[in-house]
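Visitor: A single structure is presented below for examination.
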Amino acid sequence: MRIKLAIATIALSLTALSAPAMAGGSADAIKAAKDAQKEAKSIGFEWRDMGKMIKKAEELAKDGKEKKAIKLANKVAEQLDLIKKQAELAKTAGPTF
């Protein structure tokens, strides 16, 4: 039950995150993605593909594909909530025998 509640909360927060980045353009979305990556790295849980996704978003923006760049950059920024939850759960991880 807790997992379902957590997933629902994450889904709602992700929807809220994507609207402001769309309004500011791809540069704002990419900046938010880089900030999320930096924060994830600072807590020790940077996900493997974050940097690749940011580079791809920058390439898409350079090629004039703003909507795709924003969508991809927003995915990176949205991952931060999940990363924080993962870091929190990792504190209590261990055998339960």
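Visitor: Pick out the one residue from K62, K56 that is surrounded by 15 or more Cβ atoms within 10 Å (Cβ to Cβ), without any contact (Cβ under 8 Å) to a residue 24 or more places away in the chain and basic (K, R).
Guide: On the way: K62 fails: surrounded by 15 or more Cβ atoms within 10 Å (Cβ to Cβ).
One residue alone meets the criteria, K56.
Visitor: With respect to L80, is the statement that it is touching a residue at least 12 places away in the same chain (Cβ under 8 Å) and out of contact with any Ser or Thr (no Cβ under 6 Å at 6 or more places or on another chain) true?
Guide: Values: touching a residue at least 12 places away in the same chain (Cβ under 8 Å): yes; out of contact with any Ser or Thr (no Cβ under 6 Å at 6 or more places or on another chain): yes.
The answer is yes for L80.
FYI, it's all coordinate maths here, none of it is from the lab. Since the model is a prediction, treat every value here as computed from it, not as a measurement. Don't worry about glycine lacking a Cβ; one is built from the backbone with ideal geometry, like all the others, and counts go over all protein chains shown.
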